[in-house]
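Colleague: One structure, pasted below without further comment.
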Amino acid sequence: LSKARITAIGTYVPEAIMTNEDLERLVDTNDEWIVQRTGIKTRHIAASDEFTSNLCIRAAEKLRDTYAVSLDDVDLIIAATATPDYSFPSVSCRVQAHFGIKETGAIDLNATCAGFSYALHVANGLITSGLHKKILVVAGETMSKITDYTDRSTCILFGDGAGAVLVEYDPEQAGFESFTMGTQGSGGIHVYQSGLSTQMDQTPLAGDGRIVQNGREVFKWAVRTVSEGINTLLEQAGLELDQIDWVVPHSANLRIIESICEKADIPLSKTLQSVQEMGNTSSASIPLALQAGIDHQQLKYGDRVLIYGFGSGLTHSGLIIRW
Ligand code: ACO
């Protein structure tokens, strides 16, 4: 059914690294607790003058230079982010301005940590329908800008980063094989950033513009939802698990990935993740994990990859793609 394929990838993370020892100096925590509960060892933190659009631009530059491709004929830019520089103008418009792409649309898409997989779904749909030919998807976050560094239950989790992929028309080697998505908006209260409204469904919100999370609830929902979603994806595509080369769940927490694998009967060695070195980078975590797979000579051209994003909303989406 699909007529689209991912043809290039680039990623970027800010230079500064925050270790667990650094966090020990900020809140009452320790390396052992953080590693045991999350697997996270380090995260990259944006400089004070570095914002999501800057990270996305660097990732797209990396893509352009690595694959020696032109971005001039991109006809749509989709930026997946929950932490844009501004409410408006959008990150995608900042990306367009930087590259001076002449005839392109530009939209931001906010599906939090599921943003990258939603953006791929939209890109595949628009290309397969014949409406677009070459879409630049960027997924970037500066989670550190909205993290409360006095809250030990959340500040240990998040990091900053960005990824970019090109999705292009290619009916001969179409790369999108299966898609699923779902939403449980009633769980919105479990992980949020307060905004213009200070209450949700009559419940007053805390956080003052920072992330607030009920980690336990998100954890349970994620493990159940993603393991079921993986089975749905496989059934839809008529595939068995051993026909999948790599599983790439959103890198929220290594324990979540382990629990998903246990429930869905997936060997951990079949997963690609970015959480240990980069923390939870929300929509950027999956492209960062894919890039890590390429860098470590794991992910190769033609591999079948199952990716699965999940996050605040609560919302989730997964795809099976050919790399
Ligand atoms: N260091 C030391 N102790 C801590 C820390 C810390 N950093 N954080 C919490 N604790 C303590 C708690 O106070 C609690 O102590 P108590 O028993 O005396 O009350 C104890 O550790 C256990 O706390 P829990 O919150 O129950 O710990 P849990 O095992 O659930 O781990 C965690 C917390 C890591 C946040 C986990 O729940 C998790 O990862 N959840 C999923 C988060 C996630 O993936 N979110 C994705 C969506 S993000 C988005 O969409 C933007």
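Each value in this text was obtained by applying a stated rule to the coordinates, not by laboratory testing. From a predicted model like this one, the values you see are computed outputs, not experimental measurements. No Cβ is skipped: glycine too gets one built from the backbone with ideal geometry, and neighbour counts run over all protein chains shown.
Colleague: How big is the antiparallel share of DSSP beta bridges in the chain, given as a percent to the nearest 5?
Modeller: In the chain, approximately 70 percent of DSSP beta bridges are antiparallel ones.
Colleague: Kindly give the semi-axes, whole Å and largest first, of the ellipsoid equivalent to region 60-141, taking each as the square root of 5 times a Cα gyration tensor eigenvalue.
Modeller: They are 18, 16, 12 Å, listed largest first.
Colleague: For region 125-245, take the convex hull of the Cα atoms, compute a quarter of its surface area, and give me that in nm², please.
Modeller: 10.6
Colleague: Continuing with this model, one more query. Let me test this: with uniform point scatterers at the alpha carbons of region 7-46, what is the Debye-based log₁₀ I(q)/I(0) at q = 0.14, 0.23, 0.28, 0.33 1/Å?
Modeller: Scattering profile of region 7-46, log10 relative to I(0): -0.39, -0.76, -0.94, -1.09.
Colleague: By the scheme Lys and Arg +1, Asp and Glu -1, what is the net charge of all other residues having a beta-carbon under 11 Å from that of V35?
Modeller: Local charge sum for V35: +1.
Colleague: Using the 10 angstrom Cβ neighbour count as an exposure proxy, how do D49, D75, D160 rank, fewest first?
Modeller: So the ranking, lowest neighbour count to highest, is D49, D75, D160.
Colleague: Can I ask one more? Please report the antiparallel percentage of the DSSP beta bridges confined to region 1-134, to the nearest 5.
Modeller: 40
Colleague: Once you have the Cα-Cα distance between D201 and S269, take 0.36 nm times their residue separation minus that, and quote the gain in nm to one decimal.
Modeller: Taking 0.36 nm per residue and subtracting the Cα distance, the gain is 20.3 nm.
Colleague: I need to check one value: relative contact order of the chain, counting alpha carbon pairs closer than 8 Å and at least 6 residues apart, in percent.
Modeller: This gives 25 percent for the chain.
Colleague: If you stretched the chain out fully between D75 and E24, how much longer would it get, using 0.36 nm times the residue separation minus the C-alpha to C-alpha distance?
Modeller: Taking D75 through E24 to full extension adds about 13.7 nm, to one decimal.
Colleague: Quote the charge dipole size of region 211-292 about the Cα centre in Debye, to the nearest 20; the model charges only the Cβ of Lys and Arg (+1) and of Asp and Glu (-1).
Modeller: It comes to approximately 360 debye.
Colleague: Also: Mind listing P(r) for region 1-127? All alpha-carbon pairs, 5 Å bins, whole percents.
Modeller: Using 5 Å bins, I get a P(r) of 2, 9, 15, 19, 19, 13, 9, 7, 5, 2, 0 for region 1-127.
Colleague: Using the Cβ atoms and a cut-off under 12 Å, what net charge is assigned to the surroundings of D148, where Lys and Arg are +1 and Asp and Glu are -1?
Modeller: +1
Colleague: Let me ask another. Just to confirm a number: summing +1 for Lys and Arg and -1 for Asp and Glu over residues other than A82 whose beta-carbon lies under 15 angstrom from that of A82, what do you get?
Modeller: -2
Colleague: Still on this structure, please answer the following. Please identify the helices of the chain, taking whole runs of DSSP H, that span at least 18 Å along their own axis as judged from the Cα atoms and have a mean Kyte-Doolittle score of 1.0 or higher.
Modeller: What comes out of the filter, once short or polar helices are dropped, is none.
Colleague: Additional query: Over all directions, how big on average is the projection of the convex hull of the alpha-carbon atoms in region 50-90, in square nanometres?
Modeller: The Cα convex hull of region 50-90, projected and averaged over all directions, gives 3.4 nm².
Colleague: Rounded to a whole number of µm²/s, how large is the Stokes-Einstein D of region 196-323 at 20 °C and 1.002 mPa s, given Rh as the Kirkwood radius over C-alpha pairs?
Modeller: Approximately 138 µm²/s, per Stokes-Einstein.
Colleague: Follow-up question, since we're still on this one. Please list 3J(HN,Hα) in residue order for region 16-30, calculated via the Karplus relation 6.51 cos²θ - 1.76 cosθ + 1.60 where θ = phi - 60°; whole Hz, with x for glycine and proline.
Modeller: Computed from phi, the couplings for region 16-30 are 5, 10, 10, 8, 5, 5, 4, 5, 4, 7, 9, 9, 7, 8, 8 Hz.
Colleague: Below 19 Å Cα-Cα, how many Lys pairs turn up in the chain? Only count pairs eight or more apart in sequence, or on different chains, if you could.
Modeller: Eligible lysine pairs with Cα atoms under 19 Å apart amount to 8.
Colleague: Hey, another quick one. If you place +1 on the Cβ of every Lys and Arg and -1 on the Cβ of every Asp and Glu, how big does the dipole about the Cα centre of the chain come out, in debye to the nearest 20?
Modeller: 340
Colleague: Based on the Cβ-Cβ distance from D208 to D295, what FRET efficiency comes out when R0 is 35 Å, to the nearest 0.05?
Modeller: Computed FRET efficiency for D208 and D295: 0.35.
Colleague: Would you work out the Kirkwood radius for the chain? I mean one over the mean of 1/r across all pairs of different Cα atoms, in Å.
Modeller: 19.5
Colleague: Give, in nm to one decimal, the length gained when the segment between N231 and R216 is fully stretched (0.36 nm per residue of separation minus the Cα-Cα distance).
Modeller: This chain segment gains 3.1 nm when fully extended.
Colleague: Report the convex hull volume per residue for region 114-156, counting only C-alpha atoms, in Å³.
Modeller: Convex hull volume per residue, Cα atoms: 70 Å³.
Colleague: For a label point 7 angstrom out from the Cα of R255 toward its Cβ, which stretches of region 26-50 have the backbone nitrogen within less than 18 Å?
Modeller: It comes to 28-42, nothing else.
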